[in-house]
Amino acid sequence: MKTNGSTCRLHFNFFLQAEDGIRELVRSRGLGDVYKRQELKYLLAILNSTYAKYFLKSVRRSQIGIYPDDIKKIPVSVVEKNIQEPFCILVDYIMFINKCNKTIIENLENKTIAAEFDRVLDYMVLELYFNSEMKKNNLSFIQESKSILKPINQLDDEDEKKDIIIQCYNTMTNSSSSIRNNISLANIKLEHIIKEIRRN
């Protein structure tokens, strides 16, 4: 990343992540190269992130639409399965919420719950792209999420799925939540990065 006054140019580097953390800095491979070797829900989380939209706007060939070849250029972090897992779980939560006809939490719209999980996913994706900046500022989203999230993809009972989602939502939005506090800190300490990504 280079800064020049208020202008911030973001480079599309990823960190190759081993089970015990960052192993080495590498230029990530495009989506077209890695999609068969990564969990589809993990890829879905990246594709729907603010950073992916920022990247596409910077590389797309047309201002009218986006071509499939443009999407294939999106850099994807090749990480271990245990790193992909919290991304996949949150995608499961959002997909389940979006299919629910009734509100999961009384007096709270389902889209509000889904938006909160989507917001956390966005910061988890940013951690993949800007891991060194996150570590330098003692910010963690992926590991913090892993300690909270519980998978629902193997459950048949709809109420059990709802209970898990409600518990996770309440934990994440609690005033003492480390994830909530890290989001607030990231917006301050990484303001130059986040503003540039959201500007487009």
With criteria (1) loosely packed, with under 14 Cβ neighbours inside 10 Å; (2) in contact with a strand residue (DSSP E or B) (Cβ under 7 Å, 6 or more places away or on another chain), GLN154 comes up short on (2)
Within the stretch 174-200, track down each residue that is surrounded by 12 or more Cβ atoms within 10 Å (Cβ to Cβ), under 20 Å from ALA52 (Cβ atoms) and not polar (S, T, N, Q). ILE183, ALA186, LEU190, HIS192, ILE193, ILE194, LYS195, GLU196, ILE197, ARG198
Residues that are over 24 Å from MET95 (Cβ atoms), in a helix (DSSP H, G or I), aliphatic (A, V, I, L, M) and at pLDDT 95 or above: does the stretch 179-186 have at least one? yes
Residues of the stretch 157-172 being of a type outside the set (Phe, Trp, Tyr), surrounded by 14 or more Cβ atoms within 10 Å (Cβ to Cβ) and either in contact with a Lys or Arg (Cβ under 6 Å, 6 or more places away or on another chain) or over 15 Å from LYS99 (Cβ atoms) (or both), in sequence order, are ASP163, ILE164, ILE166, CYS168, THR171, MET172
Scanning for something surrounded by fewer than 22 Cβ atoms within 10 Å (Cβ to Cβ), in a loop (DSSP other than H, G, I, E, B) and of a type outside the set (Val, Ile, Thr), does the stretch 71-93 turn up at least one residue? yes
With a cut-off of at least 1 residues that are at pLDDT 95 or above and of a type in the set (Phe, Trp, Tyr), name the helices (runs of 4 or more DSSP H) lying wholly within the stretch 94-171. 110-129
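The values are calculated or read from the model by the stated rules, or taken from the named source; none is laboratory data. As the structure is a computational prediction, the values presented were derived from the model and not from experiment. Using ideal geometry, Cβ is built from the backbone for each residue, glycine included, and neighbour counts are taken over all protein chains shown.
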